[in-house]
Amino acid sequence: MKTVPVSVIIPCFNCASVIERAVSSVFGQTARPAELFLVDDASTDRGETAKKLAELKERYGHSMEIEVITFKKNRGPSAARNAGWAVAMQPYIAFLDADDAWHTRKIEIQYHWMETHPDVAMTGHPCSLWRRKEEATVSLPQVWNAHEVSRILLLFSNRFNTPSVMLRRDIPFRFKQGMHYCEDYLLWLQIVFSGSRAWRIELPLAFLFKPVFGKGGLSRNLWQLSKGEMTAIRLIRTEKLIGAPAWLFITVYVFLKYLRRLGISILSGRLLSNKTD
């Protein structure tokens, strides 16, 4: 089994029932990462997550360096990712969420691409949403494309889902702690607007098993996500990475995008209600 210089970071919170699938997908890579950090963000499930993490370390630790980091107080996924990043030793960092999984060739393809493009600081790729709990499998095409994500494109749309991202460890930015929505989007904006290059590999190399919107309700989540986008854009304006006209234009655009999504969600709900009546 080939090992490549990649550190993987997985934030963990009350995830005893799903974390095995995520870790198994890391261990099963055709090019295995050199190290894996499991960050227990002060889980409140009476030790179930801690017990499962210890079990997985025992099971896979003989073939892959695994470290469990435990927080005494819940600090959120940004702090968990930053904690793993702070102790990572490999030149590349990849992120995965506890309830998601990777295609077996994800690290092989993404790491090789970044090694052959040393001027690129960050890459991502599409993710497939799976509503079934069994193992997801996707046959990859022999020919695929990659394209650069420009500043303008990233401002109009977040092109990177966190479980898809691999980046260089020496990037000077980190996830903003205490920001609950779009903190990952803020990091991508900081990276690209500081002059670093980001590319998107057009292959579905990650599988998401959670719904796009949480239990708070579709409308509420749409607004929180939109506010998160506007906050991220405001912060890069504060850091003088974009000018006032661009900040104002994109803020208005995000709000209009929210209204459009809200209208579509309301219409879809009505159509579904009519079908079930």
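Observations
- Working note: Karplus 6.51/-1.76/1.60 with θ = phi - 60° gives segment 227-236 the couplings 4, x, 4, 5, 5, 4, 5, 5, 5, 6 Hz, where Gly and Pro are set to x.
- Placing dummy labels 7 Å off each Cα toward the beta-carbon, the span from Leu129 to Leu248 is 3.5 nm.
- Using a Förster distance of 22 Å, the FRET efficiency for Arg105-Val68 (Cβ separation, nearest 0.05): 0.25
- Gyration tensor (alpha-carbon) shape descriptor, segment 64-192, a/c threshold 1.5: rounded
- Accessible area of the chain belonging to carbon and sulfur atoms, whole % at 1.4 Å probe: 55 percent
- By the helix-only formula, in which each DSSP H run with n ≥ 4 contributes -39500 (n - 2.57) and the sum is divided by residues, the chain has a 222 nm mean residue ellipticity of -13500 deg cm²/dmol.
- Taking a straight Cα-Cα cut-off under 19 Å and skipping sequence neighbours fewer than 8 places away in the same chain, the aspartates and glutamates within cross-link reach of Lys176 are Asp40, Asp41, Asp97, Asp184, Glu229, Glu239.
- Working from label points 7 Å from Cα in the Cα-to-Cβ sense, the Glu55 to Glu148 distance is 4.8 nm.
- Peptides 123-129, 259-265, ordered by how many other C-beta atoms sit within 10 Å of their residues on average, highest first, read 123-129, 259-265.
- Put simply, when 24-32, 201-209, 99-107, 84-92 are sorted by average Cβ atoms within 10 angstrom per residue, most first, you get 99-107, 201-209, 24-32, 84-92.
- Label zone at His180, where the point sits 7 Å out along the Cα-to-Cβ direction: segment 218-253 residues whose backbone N lies under 18 Å: 218-232
- For segment 27-98, the solvent-accessible area with a 1.4 angstrom probe is 46 square angstrom per residue.
- In terms of packing, defined here as the mean over residues of other Cβ atoms within 10 angstrom, the peptides 150-162, 1-13 line up highest first as 1-13, 150-162.
The values are calculated or read from the model by the stated rules, or taken from the named source; none is laboratory data. Every value quoted in this text rests on a predicted model; they were computed, and no experiment measured them. Cβ sites come from the backbone with ideal geometry, for glycine too, and all protein chains shown count toward neighbours. Just so you know, the surface numbers come from the protein's heavy atoms only, side chains and all, with ligands and any DNA or RNA stripped out. Shrake-Rupley method; radii C 1.70, N 1.55, O 1.52, S 1.80 Å.
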